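Before any comments, here is the structure.
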Amino acid sequence: MSSIANTHNNDSSGANSGANPESNSDSQNNPQPALRHDLHYDLHSHSTLSDGTLTPEALVRRAHAQGVDVLALTDHDVTDGLAEASATAQELGLRLVPGVEISVTWSGVTFHIVGLNIDIEHAGLQAGLANLRAIRTARGEEIARRLEKHGIEGALAGAQAFAAGPILSRTHFARFLVDAGHAKDMRKVFKKFLVHNRPGYVAGEWATLEEAVGWITAAGGQAVIAHPARYRLSATRLRQFIEAFKECGGASIEVVSGSHSAGEAAGMAQYAKRYELLASCGSDYHGPEQSWQELGRPMPLPEGCVPVWQDWGLEERQQVQQVPQEKATDG
Ligand SMILES: [Zn+2]
Ligand SMILES: [Zn+2]
C-alpha cells in the first residue's frame, strides 16, 4: 500500500499511462474538462476480500495511479470490500462501481458471472453469496483432505493463512503450496495440484446460471459473462451458453479482458453484436505479482461494440460534433 500511496498527492494527469507527453510546449496546468468522453474503465478486479493481494484501499489507489477513472471491484462471492474501496475512491475522485463475481455451474462447467452496479444491501443477493461462501469453505476442507492423502500436511490452515477475507479459494491453496515449496510458481501449481485429474482437485457445485443472473438483476445490476474465452469452449457450446445467459436476462459480455488476446477480444465482439449484448472490459487484476494483468491496461473496446456503461450517465456524449456533420450531408 505504501509504495503507491505517494502517487496521488498532486497532478493526476501525470498518471495516465504515458498517453499525454509532458514534453509539449503546452503550459496549461489544468487541461482536463469537467466532463469527458474518454473515461478509462476497468470493470473487473479483486482485493484481499477474495483472492487478490491488495486491500480494497490499496487497489483503488493503484487504479487511480494507473489512470483508471471508473473501477469496479468484483470480488468472488463477497461484497465486503466495497465500503473501504468506496471511501478511498471518493477521496481520490475515482468512480467506484459496486460489483461482484459469482461462481456458476452450467452443464458441468464452472463459469464466472460479474455483476455491475449492484445494490449490495439486496437480501436475495446476499443470501445467495453467503451460500456460495459456505460451499467454498466445504470445498476447501475437501481439497485439504485430498492433499493430505497425497502427503501434504496442514493445507487448510496454510491456505487460510493466505486468506484475509471470508473467501477460501483455490488461489489461496496455490499460494500455500508455492510458499511451502511444492511447486515453483502460481502457473505451475495449478497444473500440478488443483485442476481436473490432479490430487487437490474438487469439483464445486456452484449457483445455477438462473440464480446468479437473477440475484444480480434483482439487485438492480447488470450481469456480465466474465472472460468468456477462458473457458475454452467449442463455438457451439459457447453459443449455447450465451443463449442460456440471454434467456436468464443477462445483459453483457466481457469482450476485453486481461486474460483475452486481441484476437479473442475481436471474436467476443462478434458475439456481443450477434447476441445484442453490451460490451464490458476489465483487467481481472489480482495483485502486482501477476504482472501480465495490470489495472487499467485492457485495450479499448473493438469498433462497433456498445459499452456496458452507455447508460450510466458518466460521460458527455460526442453528439456536438456528429449532429452538424449528418445534417450537412442531408443538404
Ligand atoms: Zn473469473
Ligand atoms: Zn475475476
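Pairing each residue of segment 213-240 that is in contact (Cβ under 8 Å) with a residue 60 or more places away in the chain and polar (S, T, N, Q) with any residue that is within 15 Å of ligand 1 (Cβ to nearest atom) and assigned to a strand (DSSP E or B), provided the two are 6+ apart or on different chains, yields C-beta distances under 6 Å for Gln222/Leu116; Gln222/Ser252.
Condition check ((1) assigned to a helix (DSSP H, G or I); (2) under 18 Å from the mean Cα position of the chain (by Cα); (3) within 26 Å of Leu96 (Cα to Cα); (4) modelled with pLDDT under 95) across all residues:
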| residue | (1), (2), (3), (4) |
| --- | --- |
| Arg237 | yes, no, no, no |
| Ile242 | yes, no, no, no |
| Gly249 | no, no, yes, no |
| Ile253 | no, yes, yes, no |
| Val256 | no, yes, yes, no |
| Ser259 | no, yes, yes, yes |
| Ala265 | yes, yes, yes, no |
| Gln270 | yes, no, no, no |
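His196 fails exactly one of the following numbered conditions: (1) at pLDDT below 95; (2) in a helix (DSSP H, G or I). What is the number of that condition? The number of the failed condition is (2).
Looking only at residues of segment 273-304 that are in a strand (DSSP E or B) and either of a type in the set (Asp, Glu) or more than 16 Å from ligand 2 (Cβ to nearest atom) (or both), we find that the one that is surrounded by the most Cβ atoms within 10 Å (Cβ to Cβ) is Ala279.
The values are calculated or read from the model by the stated rules, or taken from the named source; none is laboratory data. No experiment lies behind these values; they were computed from the predicted model shown. Counting neighbours? That spans all protein chains shown, and the Cβs are built from the backbone with ideal geometry, glycine included.
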